[in-house]
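The values are calculated or read from the model by the stated rules, or taken from the named source; none is laboratory data. A quick note: this is a predicted structure, and the numbers were derived from the prediction, not measured. Virtual Cβ from ideal backbone geometry, glycine too; neighbours counted across all protein chains shown. These area figures cover heavy atoms from the full protein model, side chains too; ligands, DNA and RNA do not enter into them. Shrake-Rupley method; radii C 1.70, N 1.55, O 1.52, S 1.80 Å.
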Amino acid sequence: MPVRHHMTPLVEAKHLSVAMNGNEVLHGVDLRLEPSEIVTVVGPNGSGKSTLLRSIIGAVPLSHGSIRLKPGLRIGYVPQKLHIDPTLPITVARFLSLPKSASDQDTNAALERAGVRDLKNRQMARLSGGQFQRVLLARALLSNPELLILDEATQGLDQAGSAAFYAQIEDIRTELGCAVLMVSHELHVVMAASDRVICLNGHVCCEGAPEHVASAPEYRALFGSGTQGALALYRHEHNHSHDHEHSHEHEAAE
Amino acid sequence: MNLFDSFLVRAALAGLGVALAAAPLGCFVVWRRMAYFGDATAHAAILGVALALALNISIMVGVLAVVLVAATIVSGLTTRGYAMDTLLGVMAHSALAIGLVAVSFLTNVRIDLMAYLFGDILAVGKVDLAVIWGGAAIVLGLIGWRWSALLTTTLNAELAHASGIDPRREQLILTIALAVVIAVAIKVVGVLLIASLLVIPAAAARPFSSTPERMAALAMGIGALSALGGLYLAFQFDTPTGPTIVCVAATCFTFASIVGAVTSKA
């Protein structure tokens with residue numbers, strides 16, 4: 001179980017706001033990540049989930065607030081989707097050696113841990129969706145991360161595939177002791193594997209243990225009740241209790 | 001007689017220098033789907049020639065400056081909601097047109113604009129040769145130095161961010177390398193053919209490559225073969241040199257595509 005309040009946090013965001021094309025995608029978000037805890041960010045399309053992750057890795061500038069990372073924090077990042085142009089020939093092993101070259105031993109260990117040790121010499125462009133995500137996971141593990149960030153890493157996988165993927169994430173956390181921050185649409189699958197859930201809709205609607213969040217009125221307003229939450233996501237009520245005039249104008253910004 | 005006194009030897013060395021610098025850069029142009037970007041900036045180079053003549057400065061400096069400005073404008077505007085292909089279309093043709101109009105105002109200068117459109121490799125002097133190899137060394141040095149970072153950025157900008165690489169800086173390095181190649185190559189192959197020397201050898205190398213490094217090395221070989229082979233054929237059959245070089249490259253591409261298609265089915 002995660003150790004709380006004894007160590008310095010890995011990430012501490014205060015009053016974080018991000019504006020894209022004049023729309024405020026995130027406003028006043030506070031976030032604190034402790035070592036070795038699994039935190040899942042849920043929220044409807046356009047709620048700023050990916051933006052939150054990308055702001056932590058420094059890919060989007062903040063309009064207000066601050067993000068403090070633990071000095072020297074090693075982050076492993078698994079992006080939402082990665083298109084490799086078929087004109088770019090690259091093997092799995094070469095891909096894992098970018099930008100820093102990795103030893104054969106480390107490459108094998110990372111592939112093994114991600115469950116795809118046989119793919120080393122395959123071309124990236126010829127992998128299936130599930131294999132590709134696991135290679136991305138292996139790549140993130142190579143830096144021996146203290147924090148693993150996953151942005152909807154199971155997009156395009158079927159439910160069994162996603163469940164297996166998240167089970168692997170939990171194993172990895174147990175093995176490496178790294179913290180995990182992930183975004184997902186598959187609420188019921190992910191919530192079971194999370195220590196803490198943050199429900200996001202431009203701002204933090206509610207957060208806490210999975211059971212707490214699942215029964216919170218703010219969460220139900222966004223996703224409906226019960227385990228059908230994942231479905232409700234796609235037809236969520238636009239006039240939920242936390243309505244803000246700019247909450248639904250930035251679907252394209254994510 | 002000094003070896004460099006032969007215009008054929010100078011032409012061969014000039015072609016070789018341009019081909020070697022353009023090939024690995026061309027791989028990035030292909031991977032990043034920037035083929036038209038190279039084309040458009042090459043067109044803008046004509047405006048650079050006109051400005052250089054009007055201001056009485058070195059043509060290479062003029063071309064370098066205009067290409068860098070044009071590339072920066074395009075990169076800047078794409079983040080403001082214009083589609084890349086539209087912007088490039090606007091810039092390529094208007095810069096070429098403005099360049100041609102500007103040249104016509106220079107009544108006291110008589111220049112052969114065709115030389116800058118199609119190049120004149122047989123007229124390469126010793127100083128040009130030094131410029132080309134100097135430029136080629138800069139470009140190869142830049143790409144070699146930033147190779148891993150450039151590759152990571154090309155794969156995915158967010159991956160680059162997460163690895164502490166600034167994708168915008170790598171984009172700038174590619175833009176500078178592109179501008180340098182165009183500036184030093186304009187006299188040899190001309191603006192209309194630079195884009196093909198960037199793209200065709202890289203495309204021809206693709207079917208035989210399993211890693212990016214191999215593709216870059218093969219592209220350099222194919223580029224060198226095209227430059228030397230094209231020069232030889234142009235001399236033999238008295239054809240225009242620049243276009244002949246590109247024809248040889250295109251033949252390599254066709255051959256590679258056929259072999260690639262046959263072997264991937266087998």
For chain B, modelled as a Gaussian network with Cα springs under 10 Å, which listed residue fluctuates most, B:Gly190, B:Gly221, B:Gly76?
-> B:Gly76
Those residues in segment B:172-208 that give up at least 40 Å² of accessible surface, probe 1.4 Å, once the partner protein chains are present instead of the chain by itself are B:Arg206
Using a simple spin-label model with points 7 Å from Cα along the Cα→Cβ vector, what separation in nm is obtained for B:Val101 and B:Ser75?
-> 2.8 nm
Give, in nm to one decimal, the length gained when the segment between A:Leu73 and A:Asn121 is fully stretched (0.36 nm per residue of separation minus the Cα-Cα distance).
-> 14.2 nm
Where Rh is the Kirkwood radius over the Cα pairs of segment B:3-192, the temperature 4 °C and the viscosity 1.567 mPa s, what D in µm²/s does Stokes-Einstein return?
-> 75 µm²/s
Which angle from 0 to 90°, rounded to the nearest 10, does the C-alpha axis of helix A:104-113 make with the longest principal axis of chain A?
-> 50 degrees
Assuming 1.567 mPa s and 4 °C, estimate D for chain A with Stokes-Einstein, Rh taken as the Kirkwood radius over Cα pairs, in µm²/s.
-> 69 µm²/s
In Å², rounded to the nearest 100, what is the total accessible surface buried by chains A and B against each other with a 1.4 Å probe?
-> 2100 Å²
Assigned charges on the beta-carbon of Lys, Arg, Asp, Glu; segment B:3-192 dipole about Cα centre (debye) = 140 debye
Listed highest first by mean packing, meaning other Cβ atoms within 10 Å per residue, what order do A:128-139, B:19-30 come in?
-> B:19-30, A:128-139
Evaluate E = 1/(1 + (r/R0)^6) for B:Val61 and B:Asp238, where r is the Cβ-Cβ distance and R0 equals 45 Å; express this FRET efficiency to the nearest 0.05.
-> 0.85
Between the residues A:Ile90, B:Gly144, B:Phe7, the Cα farthest towards the positive end of the dipole of the protein assembly as shown, that dipole coming from +1 and -1 charges on the beta-carbon of Lys, Arg, Asp and Glu, is from B:Phe7
So the FRET efficiency between B:Ser257 and B:Ala83, C-beta based with R0 = 25 Å and rounded to 0.05, is 0.30
Where in segment A:96-125 is the amide nitrogen less than 15 Å from a point lying 7 Å along the Cα-to-Cβ axis of B:Thr211?
-> A:96-105, A:107-108, A:120-124
Out of B:Ile165, B:Ile173, B:Ile143, a Gaussian network model of chain B with alpha-carbon springs under 10 Å gives the largest mean-square fluctuation to B:Ile165
Average silhouette area of the protein assembly as shown, convex hull of alpha-carbon atoms, in square nanometres | 28.8 nm²
Expressed as a percent, the portion of alpha-carbon pairs in segment A:80-144 spaced more than 21 Å apart is 12 percent
What is the distance, in nm, between label points placed 7 Å from the Cα along the Cα-to-Cβ direction at A:Asp85 and at A:Glu211?
-> 5.2 nm
Chain B: most fluctuating residue of B:Val180, B:Val131, B:Val66 per GNM, C-alpha cutoff 10 Å = B:Val131
